[in-house]
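Trainee: After the structure tokens below, expect a handful of questions from me.
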Amino acid sequence: MTAALILALCAALLGSLLAFGVMFYEQRSMPHWLFAAGMTVLVIESIFYALTAHAVLPKDILYWQNWRLVATSFLPGVWLVFSLSYARGNYREVLKKRKFLWAAIFLVPIGIALLFRNTLLIPVEKNEWVRTDFLGLGLAGFFLNLLFLVCSVLILMNLERTYRASVGTMRWRIKFMILGLGVLFAVRIYSSSQVLLFHSVSLPLQRVNSTALLVACLLMFRSLVRTGNFNVIVYPSQSILHNSFTVLLAGAYLLGVGVLTKLVTFLGGDSSFAFKAFLLLVCLVFLSMLLLSDRVRLIIKRFVSRHFQRPIHDYRSVWRTFTDGTARCVEQSDLCQVSVNLVADVFQALSVTVWLVNENKAGLVFGASTALSEAKARLLNIGPEDARQVISALSGTAQPVDIDSSNETWAVALRHLQPEEFRNGGNRICVPMMAGGELVGVLMIGDRVGGVPFLMQDFDLLRSVSDQAAASLLNIQLAQKLSQAKQLEAFQAMSSFFVHDLKNTASMLSLMLQNLPIHFNDPQFREDALRGVSKTVTHINDLIGRLGLLRQGLALKTVESDLNSLVAEALTGLQH
């Protein structure tokens with residue numbers, strides 16, 4: 001057995017185990033099915049390459065490579081939809097909004113591969129008994145590889161958006177999954193670009209794809225060990241597309257490879273060009289891993305602070321970011337989510353949670369978290385007695401408190417609200433959120449990267465951020481109470497109008513019922529009574545119709561009018 005055959009079979013075996021494990025690892029959902037389907041297609045593709053590596057005759061090589069491209073045609077649609085649904089809370093709306101586009105992306109490559117399977121690759125014109133490591137690329141194969149290249153870039157863009165929108169423990173859970181898929185599709189971008197540049201399929205280059213699949217499977221196995229990586233819910237911003245690192249990196253890579261290819265061709269060629277380009281790609285992948293590492297960022301920040309006499313935090317930058325992020329928040333949930341995201345990013349903490357004091361000042365309600373979902377937070381919530389002890393203890397202090405070093409009952413209750421994910425994540429910190437002399441919430445921080453202890457600079461900034469968030473929360477609560485008061489006032493004014501009309505109608509019916517026994521035999525009275533009842537029914541239906549209009553939005557019906565007549569009509573009513 002050759003090295004290429006062993007590598008392809010190992011990649012297929014590992015991919016099969018990964019697909020099988022995902023289906024029985026957690027509760028099944030659409031991302032689970034898509035991931036298993038995508039890994040199955042990659043396994044089939046790797047098996048076809050293994051059969052190619054085992055083949056000797058050129059016609060057999062051509063046969064298995066054609067089927068490998070057919071399997072490749074299933075990859076863009078499956079993995080693109082997976083990248084749109086993995087760890088996202090709104091993926092159903094996104095997929096439903098452009099369902100015809102996703103269907104086209106799924107069906108077009110498959111249609112090209114199946115309808116033009118005989119023209120994907122150009123038959124070898126050399127001696128049919130001599131094995132060759134290069135196959136010519138047909139027109140259908142060219143378009144198939146071009147579509148796959150474009151979809152690979154889109155997949156990496158979606159994964160980047162998901163990663164950048166996640167924070168804290170959510171980012172920690174999905175990091176290796178996204179990194180593994182990033183390695184896989186970054187290498188596929190490289191191999192597809194080489195196929196398009198040289199208009200030929202290189203069999204040695206497919207060993208690189210098998211190696212990438214093997215490495216990606218190992219990284220994704222590492223991700224599955226981190227519980228809940230498929231249950232993370234984030235909501236990526238559309239604005240991330242405008243400063244996407246993937247677009248910049250892919251554009252720079254494709255431009256660099258294109259220029260390098262022309263340069264090498266001009267200088268007479270280089271047999272090791274593919275190997276050098278692959279080394280460049282590997283260096284870029286490892287550079288991306290370092291840039292995505294929270295631990296590396298924290299080490300660099302502390303090194304600069306210690307040796308260059310710079311404060312750990314750029315207070316002006318943090319304050320500007322916090323102010324800009326909270327300026328548009330009009331709901332408590334939005335403000336809490338912005339606050340925990342900022343604190344997690346600034347202090348390099350994976351678990352940040354906000355618990356709010358309820359209106360009765362006798363309990364805590366979940367605000368937002370980078371580690372807890374709403375369902376899990378409901379299970380962790382403490383009882384009224386423990387909540388009152390927490391509120392009473394924290395109302396008398398404005399300083400951050402280390403709850404792991406205290407054995408008080410309220411500290412035990414707070415530790416229950418902030419479970420630890422890591423043994424070496426350092427002590428958990430509680431910051432009271434004070435506004436107007438009252439406790440409006442509790443900010444909990446834990447699982448700091450590297451278990452680095454908090455310094456006085458950290459505590460000062462934590463208190464400032466907590467006070468600012470508390471003031472914003474109090475303003476939102478007061479604004480909501482004012483809005484409710486105005487709505488109640490408007491309802492009272494509206495109800496008095498309708499009650500007045502209903503009261504008149506009821507008086508008319510009451511008077512009619514009083515006279516009915518006396519004048520029932522009078523035909524004229526019965527006729528007047530029927531007209532009165534009909535008028536009352538019409539009036540009540542009109543009231544119901546006007547009440548129904550309150551549920552609808554204001555709709556303007558524009559018509560052409562004579563403004564002179566409109567003004568004259570308005571003045572007629574003002575004669576007196």
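Trainee: Among the numbered criteria (1) surrounded by fewer than 12 Cβ atoms within 10 Å (Cβ to Cβ); (2) modelled with pLDDT under 80; (3) of a type in the set (D, E, K, R), which one does E569 miss?
Mentor: (2)
Trainee: Could you tell me which numbered condition V365 fails, if it satisfies all but one of (1) of a type in the set (V, I, T); (2) assigned to a helix (DSSP H, G or I); (3) farther than 21 Å from L461 by Cα?
Mentor: Every listed condition holds for V365 apart from (2).
Trainee: A follow-up question, please. Answer with yes or no whether L95 is modelled with pLDDT of 80 or more, on the phi < 0 side of the Ramachandran plot, part of a helix (DSSP H, G or I) and under 14 Å from the mean Cα position of the chain (by Cα).
Mentor: In short, yes.
Trainee: List pairs: first residue in segment 525-537 and more than 15 Å from N515 (Cα to Cα), second residue open to solvent by 70 Å² or more (accessible area, probe 1.4 Å) anywhere in the structure, Cβ distance under 7 angstrom, at least six positions apart or on different chains.
Mentor: T536/M508
Trainee: How many residues, within segment 364-376, are at pLDDT below 85 and either over 20 Å from the mean Cα position of the chain (by Cα) or open to solvent by 20 Å² or more (accessible area, probe 1.4 Å) (or both)?
Mentor: Summing the residues that are at pLDDT below 85 and either over 20 Å from the mean Cα position of the chain (by Cα) or open to solvent by 20 Å² or more (accessible area, probe 1.4 Å) (or both) in segment 364-376 gives 4.
Trainee: Do we find a residue being surrounded by fewer than 20 Cβ atoms within 10 Å (Cβ to Cβ), in contact with a Ser or Thr (Cβ under 6 Å, 6 or more places away or on another chain) and not in a helix (DSSP H, G or I) anywhere in segment 119-129?
Mentor: Within segment 119-129 (the criterion being surrounded by fewer than 20 Cβ atoms within 10 Å (Cβ to Cβ), in contact with a Ser or Thr (Cβ under 6 Å, 6 or more places away or on another chain) and not in a helix (DSSP H, G or I)), the answer is yes, since at least one residue qualifies.
Trainee: Looking at (1) of a type outside the set (G, A, S); (2) closer than 25 Å to S16 by Cα; (3) open to solvent by less than 20 Å² (accessible area, probe 1.4 Å), which is the one condition that is false for H54?
Mentor: Going through the list (1) of a type outside the set (G, A, S); (2) closer than 25 Å to S16 by Cα; (3) open to solvent by less than 20 Å² (accessible area, probe 1.4 Å), H54 breaks only (3).
Trainee: Which residues, taken from segment 1-34, are part of a helix (DSSP H, G or I), under 23 Å from L84 (Cβ atoms) and touching a residue at least 60 places away in the same chain (Cβ under 8 Å)?
Mentor: G15, L18, G21, V22, Y25, M30, P31, H32
Trainee: Out of V108, V124, I need the residue that is at pLDDT below 85, out of contact with any Gly (no Cβ under 6 Å at 6 or more places or on another chain) and of a type in the set (V, I, T). Which one?
Mentor: One residue alone meets the criteria, V124.
Trainee: Any residue in segment 178-202 that is surrounded by fewer than 24 Cβ atoms within 10 Å (Cβ to Cβ) sitting within a Cβ distance under 6 Å of a residue that is small (G, A, S) and not in a helix (DSSP H, G or I)? List the pairs, counting only those 6 or more apart or interchain.
Mentor: S200/G136
Trainee: Out of the residues in segment 330-349 meeting the condition of being open to solvent by 20 Å² or more (accessible area, probe 1.4 Å) and outside any helix (DSSP H, G or I), tell me which one is modelled with the lowest pLDDT.
Mentor: Per the criteria, the residue is V330.
Trainee: Might you check whether a residue that is open to solvent by 70 Å² or more (accessible area, probe 1.4 Å) and farther than 24 Å from G545 by Cβ occurs anywhere in segment 505-512?
Mentor: Yes, that holds for at least one residue.
Trainee: Among the residues of segment 61-87, write down those that are touching a Ser or Thr at 6+ places or on another chain (Cβ under 8 Å) and open to solvent by 10 Å² or more (accessible area, probe 1.4 Å).
Mentor: W64, R68
Trainee: Hey, another quick one. Kindly list, by first and then second residue, each pair from a residue in segment 393-420 that is within 21 Å of D458 (Cα to Cα) to a residue that is open to solvent by 50 Å² or more (accessible area, probe 1.4 Å), limited to pairs with Cβ atoms under 6 Å and residues at least 6 apart or on different chains.
Mentor: Final answer for the pair search is P400/F459; D402/N427; I403/R415; D404/N427.
Trainee: Just a yes or no: is a residue in segment 410-426 under 19 Å from V465 (Cα atoms) and either assigned to a helix (DSSP H, G or I) or touching a helix residue (DSSP H, G or I) at 6+ places or on another chain (Cβ under 9 Å) (or both)?
Mentor: no
Trainee: For residues that are touching a residue at least 60 places away in the same chain (Cβ under 8 Å), under 24 Å from D314 (Cα atoms) and small (G, A, S), scanning just segment 467-497, find the one that is most open to solvent (accessible area, probe 1.4 Å).
Mentor: Checking each candidate, the answer is S472.
Trainee: Do you know which residues across segment 381-403 are open to solvent by less than 50 Å² (accessible area, probe 1.4 Å) and either part of a helix (DSSP H, G or I) or under 19 Å from F366 (Cα atoms) (or both)?
Mentor: If the condition is that a residue be open to solvent by less than 50 Å² (accessible area, probe 1.4 Å) and either part of a helix (DSSP H, G or I) or under 19 Å from F366 (Cα atoms) (or both), then I382, G383, A387, V390, I391, A393, L394, I403 are the ones that fit.
Trainee: Here's another thing I want to ask about it. Only one of V449, V431 is crowded, with 18+ Cβ neighbours inside 10 Å, closer than 30 Å to L478 by Cα and of a type in the set (A, V, I, L, M). Can you tell me which?
Mentor: Sole residue among the options that is crowded, with 18+ Cβ neighbours inside 10 Å, closer than 30 Å to L478 by Cα and of a type in the set (A, V, I, L, M): V431.
Trainee: Is at least one residue of segment 99-110 surrounded by 21 or more Cβ atoms within 10 Å (Cβ to Cβ), touching a residue at least 24 places away in the same chain (Cβ under 8 Å) and in contact with a Pro (Cβ under 9 Å, 6 or more places away or on another chain)?
Mentor: yes
Trainee: Out of segment 551-566, which residues are within 44 Å of the chain's Cα centre (by Cα) and either open to solvent by 100 Å² or more (accessible area, probe 1.4 Å) or at pLDDT 85 or above (or both)?
Mentor: Of everything in segment 551-566, those that are within 44 Å of the chain's Cα centre (by Cα) and either open to solvent by 100 Å² or more (accessible area, probe 1.4 Å) or at pLDDT 85 or above (or both) turn out to be R551, Q552, L554, L556, K557, T558.
The values are calculated or read from the model by the stated rules, or taken from the named source; none is laboratory data. Everything numeric here is computed off the predicted structure, so don't read it as measured data. We place every Cβ from the backbone using ideal geometry, glycine too, and count neighbours over all the protein chains shown. All accessible areas refer to the heavy atoms of the entire protein, side chains included, with ligands and DNA or RNA removed. Shrake-Rupley method; radii C 1.70, N 1.55, O 1.52, S 1.80 Å.
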